[in-house]
Each structure stands twice: as structure tokens, then as C-alpha cells.
Amino acid sequence: MQNELLKELINKRYSWDTIWFENKDKIAEIKPNKNSIEKVSSKEIEKNKVDNTNLSKKDEDKILKQTEKEYKEALAYIKDLVAPAYMKIMPDKVKINNLFAKTFFVYAYPNFLEWNWLSPIINWDTKFDMSLFVYPIDSAYIQKYLRKRLTQLNSERSINAEKWLVNDPWLNAQIQDVEELREKLTRWQEKYFHFWLYITIYSETEDKLNKIWKDIETILAWRNVLQKQSYMRAEAWFISTWPFARDELGVYRNMSTGGLSTTFPFSSSTLSHDDWILYWVNTHNNSLILYDRFKSENANMCVFAKSWGWKSFAVKLEILRSLMMWTDVIVIDPENEYKALVETVWGTYLDVSLNSRERINPFDLPLWVKDKDIRPGDLLRDAIVNLLWLMNLMLWKLNWNESSIMEKAIIITYNLKWITLEDDDINWKETPTMKDLYSVLETMDWALDLTQRLEKYTTWIFSWLFSELTNISLKEWLQVFSVRDLDDILRPTAMYIILSYIWNRVRSSNKKRLLVIDEAWNIMQHEDSAKFLFWLVKRARKYNLWVTTITQDVEDFLWSSYWKPIVTNSSIQLLLKQSPASIDALQNIFKITDQEKYILLNSAVWQWLFFAWSEHVWIQVIASYYEEQIVSTNPNR
């Protein structure tokens with residue numbers, strides 16, 4: 001069977017990885033020794049005996065030699081397949097084909113190692129291999145050694161005292177360190193280990209190889225970590241850094257648990273939490289970013305990108321994965337980009353336009369509020385303030401006199417439905433509409449101008465959109481409000497009403513929710529809607545709601561005076577590929593470095609800059625095939 005296996009591998013010309021992983025159990029049985037050859041030969045002989053029982057001794061020897069020849073040829077082919085063309089071993093380095101490799105080891109550490117001291121090397125943009133070997137040592141053996149060492153140090157100090165020599169501070173420091181370590185080992189607060197650290201660097205030229213080595217030496221020396229390059233055993237050093245788990249050298253340093261923990265190689269710049277969803281991949285060290293926005297004190301997020309910057313792709317991927325964690329998601333969709341996602345996960349798609357059947361009444365109140373100190377009238381006061389903001393949008397600014405008249409009219413409108421400042425409970429009560437407000441204004445003095453300006457929203461073509469009772473409910477886990485078919489003149493007003501409705505529903509129940517506002521620059525163009533968005537972002541945390549604002553027109557977004565409070569109240573920022581016209585504005589806002597600025601101008605569509613508090617991580621999006629089919633915004637896919 002072995003020679004048949006080798007023939008099959010030769011004919012298929014598999015790579016060594018495929019050969020090993022598919023046939024490792026069988027290959028392990030193939031050994032270049034006499035017993036295996038005789039085993040193969042005996043099987044061949046038995047097979048031939050079935051065909052010809054009169055097989056002679058000469059024929060048996062012939063079969064044996066042929067089998068041995070086939071085995072050696074196949075084994076030689078496998079070795080040639082795995083091995084490089086040539087390997088040259090020099091005193092201080094190894095040359096494999098056209099690539100130079102040099103290995104060095106760390107032999108001395110300072111008394112104190114700061115956490116994450118390996119991060120500059122791990123995140124360094126160069127090709128290298130690092131091996132860390134850790135071997136636990138028996139505490140009894142270490143205690144015996146430390147006791148002996150402490151005796152030696154005390155004896156040395158006593159001898160120096162008898163000779164009237166000046167007290168040696170270095171000797172006292174060693175005695176103190178040994179005593180502290182013995183105490184920690186006795187209390188099981190620490191364990192002891194042998195620790196090896198080898199690094200192999202690669203380059204196409206010797207000059208570049210030496211430059212890389214000098215750079216690493218400088219980085220380590222800055223932390224008082226000393227290293228040396230290998231001599232006369234370059235092959236053994238090289239093998240020790242390959243994934244064979246073989247230490248050919250044994251150059252170690254004793255280290256306790258505290259010092260060893262600082263060498264953990266995956267503690268570089270990362271944003272990983274213990275659970276929640278996979279966001280992206282850290283391009284610095286290829287670590288996974290598992291991030292839970294709900295564990296942050298402020299998890300609002302701003303997304304900035306130019307057109308066709310794949311900003312919606314990134315957010316939709318986050319939405320799709322957040323739904324698996326039973327998080328409700330609400331989206332304001334300006335371009336009908338989320339419909340495929342809604343259809344896939346059986347969400348609710350609400351078309352907000354003059355011709356749609358879905359209606360939202362701006363006079364709705366929250367059904368229940370989480371605040372324990374809520375008092376009668378508080379809900380109604382908030383609703384009156386929100387409606388005054390809305391009227392500023394609908395009626396193109398109210399002066400002080402008009403605002404006073406409008407406030408009085410709104411209060412009367414609610415009172416006529418038995419909703420008062422003393423009792424704002426709406427259970428079993430009918431909610432007023434815009435038509436009711438119009439009827440009240442008609443009866444008031446000095447309200448003729450307001451009545452005429454409000455008439456188009458209650459009588460003419462806009463009445464069906466703004467003057468009907470609400471006929472939708474945020475019950476499904478994904479709700480998308482499409483505003484694509486709204487006229488530009490109605491868009492700010494409709495967006496404001498949608499946000500008000502969402503805010504009322506969010507306050508009515510305590511659940512984890514994400515609110516995604518795509519193309520937020522549409523809201524920021526008007527002061528009242530921008531002010532409401534800022535107010536929503538600032539208060540969302542209290543009700544377990546996190547807001548994501550997405551925009552491609554950075555200049556329009558920054559035009560509003562409320563852009564800065566919105567950004568500062570969003571501790572997470574996602575910056576995608578930027579245009580040269582907007583990069584300077586973003587650099588001033590987020591204080592990004594020149595290198596980050598260069599990356600944002602020249603990055604691929606799958607690579608973005610992710611900010612969370614003070615962490616800046618360069619990320620790459622990895623989506624599965626089915627995820628990409630669902631969330632892709634490419635119309636040609």
C-alpha cells in the first residue's frame with residue numbers, strides 16, 4: 001500500500017501541505033528501513049502468489065528490488081518537493097534560495113518590564129519569525145536554589161562588613177529581590193519558568209538585513225532588553241524559530257510569572273473583548289477585534305468616507321452580526337440600500353413617502369419611561385418641546401410671538417384629548433393629530449399666519465403624511481425607514497419625525513438597540529434637526545441605545561455648529577478612504593498623524609482606520625461569501 005500511496009502522490013503532484021494533511025497517518029508508516037521494505041515486498045509476493053503459485057526465488061528478489069526502487073524514488077521526490085533549491089549556512093546567517101535569514105536571542109532583561117513591551121516589534125511592518133519557549137520549573141527546586149543563593153549573598157555581605165568595606169547597594173538589591181521572590185513562591189503568588197526568546201529576520205540583501213537588525217536592537221535597547229546575534233550555529237538558531245517546537249540552543253533566562261506575563265505576544269494594539277461580535281481584523285498583528293459596544297461608557301459611532309467608500313458595507317456587516325446577539329437595530333435608509341438585508345433576516349421595511357401606507361403621528365407620547373423619578377407632566381413637556389422644534393422646520397422658523405402662540409395651541413390640543421400636564425397617561429386615550437392642532441389654531445387670535453402656513457400639512461398633498469394616526473410599531477428586531485422617495489423639501493421634517501418616533505419607542509422599553517442614521521448630513525443641514533440629533537446622541541446611553549451616524553459629505557456635516565458635540569459624544573470613529581478635499585478637515589478633527597492621513601488617502605476599500613477612545617487600529621474587513629452577498633452595495637455583483 002505504501003508504494004501505491006507514493007505513486008499516487010507523485011502523479012497528482014500535490015503540495016506538501018496537502019500531502020501531509022490528507023495522508024499524514026499513512027505517510028507516518030513509511031520509513032526508509034529494511035522492515036518496511038520487506039513488509040511491502042511480502043504483500044507483493046502474496047499478491048503474486050495468488051496469480052502464480054509457482055513464483056520462484058529469483059522472481060521474489062526481483063519484486064523486492066523493484067519495490068525498494070519505487071519507494072526510494074517516491075521518498076526522494078517528497079523531500080525535493082518540501083526542501084528549497086539550496087541552503088547556504090554561514091557563521092552568522094543562513095541563505096535560503098535568494099533570501100537571507102539572521103537569528104538573534106535575548107539574554108538579559110531589566111528588573112522591571114513594562115506591560116506590552118513587545119508591541120513595537122510585533123506591530124512592526126517587516127517580515128520576521130519569533131519563538132518563545134516557556135518551561136515551568138518545580139517550586140521546590142527553585143526554593144532550594146534561592147535558599148543557597150541567599151546564603152551566598154548574605155555571606156558576601158558579612159565578609160564585606162568584617163573588612164570594613166563600603167556597603168554595596170547592588171548586593172543589597174539582590175538580597176531583597178531573592179527574599180521577595182521566595183516569599184511569593186511560598187505563598188503561591190508566583191511561579192518560576194525558564195524563558196527563551198529567539199527572533200529570525202529576513203531580507204533579500206545583506207545590507208537591508210543588517211539595517212533591520214540594528215532597528216530591532218535599538219527598540220529592545222530602549223527598554224534595557226539586551227540581545228545578541230547568533231554565531232557558528234546559524235542552522236540551529238534558524239530551526240529554533242520555525243514551527244517545529246524544537247529548541248536547539250537552550251539559551252534561557254529565569255523568569256517569574258509577573259515578568260513572563262509581560263511577554264505575552266498578542267497584547268499589542270487591539271480592541272478585543274471577551275465576547276460579542278467579530279468586527280474586523282487588526283492589520284498590525286492579524287488579531288481579531290471582538291468588540292462589545294454596550295460595555296463602553298459611550299459607544300456612539302461616527303463613520304466618515306467618500307462616495308463608494310464602502311461605509312454602508314461596514315455598517316451593514318456590523319448590523320448583521322449584532323442581530324445574532326439579539327440586538328434590535330433601527331436604520332434610517334436614504335438610498336434603499338438595506339432592503340436586501342431586511343428581506344434576508346425577516347425584518348420590517350417601512351417606506352416613508354407621500355405614496356406609502358405607513359404613517360407616523362408626531363404627537364405620540366412614550367407608553368412608559370424607565371426613569372423611576374418620572375412625574376406627571378414630564379412626558380408632555382418633552383413632547384411640547386419636540387413639537388416646537390418640529391414646527392420650526394415645517395413652518396420655516398417661528399419668532400417669539402409665534403412660538404408662544406404655538407406652544408399654547410399644542411397644550412390645548414392635548415387637553416382636548418384629556419392629556420394634561422397633571423395627567424399625561426395615554427392609556428385608553430386617543431392621541432391628537434396635526435389636524436387637531438390646525439383646528440385649535442383656527443380659533444385663536446393672532447394665529448392666522450400660522451394657520452395658513454400649517455394648512456398644506458393638514459389639507460393638501462402633505463396631509464396624508466403628517467396628519468394621520470401612527471399605524472406602525474417597532475416590534476421586529478430590524479426596522480428600516482426608507483426615505484429615498486421623499487422630496488428634498490420634506491426630507492428634514494420627515495427625518496425629524498422619524499427620529500422623534502424612534503426616541504419615544506426607545507424610552508418605552510429597555511432593550512439593547514442600535515440606531516443607524518445613514519447620510520446624516522441631510523439632518524445636519526438644518527439647525528433644529530441637527531440640534532435634535534445632538535440631543536438624541538447625548539441622551540441615548542441612558543436608554544441603552546447607541547447611535548451610528550454615517551456621512552460622505554464631510555463639509556456639509558461640519559457646516560452645522562452641532563457637529564463637534566456629536567463627534568465628541570461618539571467615542572468610536574470609523575474612517576474609510578477619504579478624498580483629498582476632506583482629509584485636512586478630518587485631520588484637524590481627529591488629530592490623526594501624517595502617516596494615518598497618507599493611509600486614508602491611499603488605502604484599499606477593505607482597509608479602514610478604527611478609533612475607540614485613545615486606541616487607533618488599522619483594520620481590514622473580512623466577510624464570508626454569504627455575508628458579502630447580503631450586505632454588498634455593488635450594483636454589478
- Item | Between segment 69-131 and segment 540-599, the Cα center-to-center distance that results, in Å | 43 Å
- Message: Against the 2.2 N^0.38 Å scaling, with N counting residues, where does segment 88-261 land? I'd like the Cα-based Rg ratio to two decimal places.
- Response: 1.25
- Can you give the extra length, in nm with one decimal, that the chain gains between Ala585 and Trp326 once fully stretched, where that is 0.36 nm per residue apart less the Cα-Cα distance? 89.5 nm
- Query: How high is the FRET efficiency from Arg484 to Glu204, r the C-beta distance, R0 56 Å, rounded to 0.05?
  - Reply: 0.55
- Give me the log10 of I(q) over I(0) for segment 373-467 at q = 0.22 Å⁻¹, as the Debye formula computes it from C-alpha points; what are the numbers? -1.17
- Item | Pairwise label distance in nanometres, Glu615 with Asn123, each label 7 Å out on the Cα-Cβ vector | 1.1 nm
- Query: For Ile159 and Ala85 in the same chain, what is the full-extension length gain: residue separation times 0.36 nm, less their Cα-Cα distance, in nm?
  - Reply: 20.4 nm
- Item | Separation of the Trp446 and Arg253 label points, Cα + 7 Å toward Cβ, nm | 8.2 nm
- Other residues with Cβ under 15 Å from the Cβ of Ser404 give, with Lys and Arg +1 and Asp and Glu -1, a net charge of -2
- Cα Rg over Rh - segment 421-520, Kirkwood: 1.01
- Query: If packing is taken as the mean number of other Cβ atoms within 10 Å per residue, what is the order of 237-244, 85-92, 443-450, highest first?
  - Reply: 237-244, 443-450, 85-92
- Item | the chain - share of DSSP beta bridges that are antiparallel (%, nearest 5) | 65 percent
- Item | Under the Debye formula (equal points on every Cα, no solvent term), log10 I(q)/I(0) of the chain at q = 0.06 Å⁻¹ | -0.58
- Extended-chain gain in nm, criterion 0.36 nm per residue less alpha-carbon gap, Asn98 and Trp170: 21.0 nm
- Message: Need one number for segment 483-637: average projected area of the convex hull over its C-alpha atoms, nm².
- Response: 10.8 nm²
- 222 nm mean residue ellipticity, helices alone, for the chain (DSSP H n ≥ 4; -39,500 (n - 2.57); rounded to 500): -14000 deg cm²/dmol
- Item | Ser296/Ala76 FRET efficiency (R0 45 Å; Cβ-Cβ; nearest 0.05) | 0.15
- If you add up the charges near Glu206, with Lys and Arg at +1 and Asp and Glu at -1, over every other residue whose beta carbon is less than 14 angstrom from its beta carbon, what do you get? +4
- Task: Rounded to the nearest Å, what's the spacing between the alpha carbon centres of segment 396-422 and segment 214-245? Just the number, please.
- Result: 77 Å
- Message: Projecting each Cα onto the charge dipole of segment 88-261 (Lys/Arg +1, Asp/Glu -1 at the beta carbon, about the Cα centre), which of Leu150, Trp213, Leu118 comes out farthest on the positive side?
- Response: Leu150
- Task: Can you check what the net charge comes to around Asn392, using other residues whose Cβ is under 11 Å from the Cβ of Asn392 (Lys, Arg +1; Asp, Glu -1)?
- Result: -1
- Task: Kindly state, as a whole number, the per residue volume in cubic angstrom of the convex hull around the alpha carbon atoms of segment 128-200.
- Result: 119 Å³
- Mind ranking 136-149, 187-200 by how tightly packed they are, going by the mean number of other C-beta atoms within 10 angstrom, highest first? 187-200, 136-149
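We did not get these values from a lab; they are worked out from the coordinates using the rules stated. Because the structure is a prediction, the values reported are computed rather than measured. Positions of Cβ are generated from backbone atoms using ideal geometry, with glycine treated the same way; all protein chains shown enter the neighbour counts.
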